[in-house]
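S.K.: Take a look at the following structure, please.
The values are calculated or read from the model by the stated rules, or taken from the named source; none is laboratory data. What you see is a predicted model; the values in this text were computed from it and never measured. Glycine gets a Cβ as well: all are built from the backbone with ideal geometry, and neighbour counts include every protein chain shown. In case anyone asks, the SASA skips ligands and DNA or RNA and just uses the protein heavy atoms, side chains included. Shrake-Rupley method; radii C 1.70, N 1.55, O 1.52, S 1.80 Å.
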Amino acid sequence: MREGEPLRRAALALLLMAAGAGARPRPAAPEDQSRSNVVLVACDSLDGRLTFFPGNQTVNLPSINFMKRHGTVFLNAYTNSPICCPSRAAMWSGLFTHLTESWNNFKGLDPDYVTWMDLMEKHGYHAQKFGKLDFTSGHHSISNRVEAWTRDVNFLLRQEGRPMVKLTGHRKQFRVMETDWRNTDKAVNWIKEEAVNFSRPFILYLGLNLPHPYPSPYAGENFGSSTFLTSPYWLEKVNYEAIKIPKWSALSEMHRVDYYSSYTKNCTGEFSKEEVRNIRAFYYAMCAETDAMLGEIISALQDTGLLGKTIIIFTADHGELAMEHRQFYKMSMYEGSSHVPLLVMGPGIREQQQIPNVVSLVDIYPTMLDIARIPVPQNLSGYSLIPLLHEKAENEASPRGPRPSWVLSEFHGCNVNSSVYMLRTGKWKYITYSDGSSVPPQLFDLTADPDELTNVAIKFPVTVHSLDKILRSIVNYPKVSSSVQEYNKQQFISWKQSLGHNYSSVIANLRWHQDWLKDQKKYENAIDKWL
């Protein structure tokens, strides 16, 4: 296939669909005719604000725009934990992070956990998964684990390479993230060669690594992922004029947890405006490549006549700060990190609908069961999105009554030296830490301050008290924070004992090796004092 050919095919297929063209789908069995097929495309690190105005002005995302025209976009969708594995554990379990105890990238669900896909398969759906899953325990690098376990230790070490950009290939190079393209090809072939022949409905999951930054070999033995890499082909999709250079607080004025995050992510040095603009531009270009993979799935469904019988859901595990608040990556409750895309199109879904309600990834589980007409367990943290999508009164559609007016996100992993809890409701975002008293909270009015530059917690103590009361009714967060601290310590002790005499050598050569080796004894003593 010639370079660029997938885009031309996707564009043609979308035009055909708009005209109502396409082959007739094969008839389903009578008992399954009322149940839609479902496709979930979940990418990694896509800022949800790029799916609506004004964020959508920075880069051309035709497949996302197509889903908006023919479906629904959620304007306030959030991750339940802004890091890969815990976020995905919430999405696949329908439970908040403190309930699954998915504390970090090493600690997710048990391999035999019953997911919504398992239940759909049990109830007659053909089920297929391709690409990145990352919701079970035991994965990610040693560095990633140790950094999370030792976040309470009294030291400050850079754990990542300095964020950078890299241009690869030429102006016609379409396939940059080859692993993702291979998985997209597999999903497309499965639709065209297998799904088209099914008499029962199917559920297809495609997990993409993009637009997560790429590994940076210079960052240490286990590598960081601080390289934003793309080709000229995708960079041309970015509107440089629309790129916003984020405002930064002075280092001395940063919230103490933000400073720890910025330092460990190697972002406290000097960055020119050109550097920041390029990092953001390359990130947006990576989002454009992600969008094209979504387009391939839509095209395959159209080519096979399945599009009219299939509900498509597009989302991400979390966002990407792309140098907002002097950080890259996620691991933060700021919008760039915690706000995720969520778009739905298909049978019964209203076109060109924008839903302002706050929702989160735990809502995927009950939504999937609702689509499949499977009874929804009452113990889930999430609520089905179907009533919102169909504009039904929630108390008519759910025995649990209406969905709450808030969403919860929490974080217990690396690059942040405290457990963090975020309650998002109305115009407010309330962020509190640890035990609720040892670290100052943050309160942002997202209507007046969408860039989250002014913490108004001191100005509105009554609001802080009210939101904290709601949060404590959802989760006893001081107790959870204490449990995480104990878990971290016990995990580290077990790891240290397993290394024996090799401990000093191994810990010195993790991602933080450049700082650690400057004063190895000092940092070992800090850990001994912590233990």
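S.K.: Would you mind stating whether residue 347 is assigned by the TED database to the domain that holds residue 108, assigned to a strand (DSSP E or B), over 30 Å from residue 107 (Cα atoms) and in contact with a strand residue (DSSP E or B) (Cβ under 9 Å, 6 or more places away or on another chain)?
M.R.: no
S.K.: Any residue in the stretch 318-339 that is more than 29 Å from residue 267 (Cα to Cα) and either touching a residue at least 60 places away in the same chain (Cβ under 8 Å) or open to solvent by less than 10 Å² (accessible area, probe 1.4 Å) (or both)?
M.R.: No, that holds for no residue.
S.K.: Something else now. Would you pick out the residues in the stretch 161-181 that are loosely packed, with under 13 Cβ neighbours inside 10 Å and over 21 Å from the mean Cα position of the chain (by Cα)?
M.R.: If the condition is that a residue be loosely packed, with under 13 Cβ neighbours inside 10 Å and over 21 Å from the mean Cα position of the chain (by Cα), then 166, 168, 170, 171, 172 are the ones that fit.
S.K.: Residue 290: more than 26 Å from residue 86 (Cα to Cα), assigned by the TED database to the domain that holds residue 431 and buried (at least 24 other Cβ atoms within 10 Å of the Cβ), yes or no?
M.R.: Spelling it out, it is not the case that residue 290 is more than 26 Å from residue 86 (Cα to Cα), assigned by the TED database to the domain that holds residue 431 and buried (at least 24 other Cβ atoms within 10 Å of the Cβ).
S.K.: Another question about this same structure. Filter the stretch 206-234 for residues that are of a type in the set (Phe, Trp, Tyr) and modelled with pLDDT of 95 or more; which is surrounded by the fewest Cβ atoms within 10 Å (Cβ to Cβ)?
M.R.: 233
S.K.: Let me ask something else about it. What do you reckon, is residue 499 in a helix (DSSP H, G or I) and not assigned by the TED database to the domain that holds residue 337?
M.R.: yes
S.K.: So if I check each of 456, 464, which one is surrounded by 17 or more Cβ atoms within 10 Å (Cβ to Cβ), β-branched (Val, Ile, Thr) and out of contact with any His (no Cβ under 9 Å at 6 or more places or on another chain)?
M.R.: 464
S.K.: Determine which single condition residue 492 fails, assuming it passes every other condition in (1) without any contact (Cβ under 8 Å) to a residue 40 or more places away in the chain; (2) buried (at least 16 other Cβ atoms within 10 Å of the Cβ); (3) out of contact with any strand residue (DSSP E or B) (no Cβ under 9 Å at 6 or more places or on another chain).
M.R.: (1)
S.K.: Would it be correct to say that residue 299 is open to solvent by less than 10 Å² (accessible area, probe 1.4 Å), more than 26 Å from residue 438 (Cβ to Cβ) and among the polar types (S, T, N, Q)?
M.R.: Considered against the rule, which asks whether it is open to solvent by less than 10 Å² (accessible area, probe 1.4 Å), more than 26 Å from residue 438 (Cβ to Cβ) and among the polar types (S, T, N, Q), residue 299 comes out as yes.
S.K.: Can you tell me how many residues in the stretch 182-205 are open to solvent by 40 Å² or more (accessible area, probe 1.4 Å) and hydroxyl-bearing (Ser, Thr, Tyr)?
M.R.: 1
S.K.: Further question on the same structure: Taking residue 114 as meeting all but one of (1) closer than 18 Å to residue 490 by Cα; (2) not in a helix (DSSP H, G or I), write down the number of the exception.
M.R.: Unmet for residue 114, out of (1) closer than 18 Å to residue 490 by Cα; (2) not in a helix (DSSP H, G or I): (1).
S.K.: Which pairs do you get when a residue that is touching a residue at least 24 places away in the same chain (Cβ under 8 Å) and closer than 16 Å to residue 100 by Cβ, found in the stretch 471-484, comes within reach of a residue that is among the hydrophobic types (A, V, I, L, M, F, W, C) and in a helix (DSSP H, G or I), reach meaning Cβ atoms under 8 angstrom, with the pair 6+ apart or on two chains?
M.R.: Pairs that qualify, where the first residue is touching a residue at least 24 places away in the same chain (Cβ under 8 Å) and closer than 16 Å to residue 100 by Cβ and the partner is among the hydrophobic types (A, V, I, L, M, F, W, C) and in a helix (DSSP H, G or I), are 477/471.
S.K.: Can you name the strands (runs of 3 or more DSSP E) wholly within the stretch 170-258 that have at least 2 residues being in contact with an Asp or Glu (Cβ under 9 Å, 6 or more places away or on another chain) and in contact (Cβ under 8 Å) with a residue 60 or more places away in the chain?
M.R.: 202-207, 224-230
S.K.: Hey, does the stretch 91-103 have a residue that's closer than 27 Å to residue 327 by Cβ and open to solvent by 50 Å² or more (accessible area, probe 1.4 Å)?
M.R.: For the stretch 91-103, residues closer than 27 Å to residue 327 by Cβ and open to solvent by 50 Å² or more (accessible area, probe 1.4 Å): present.
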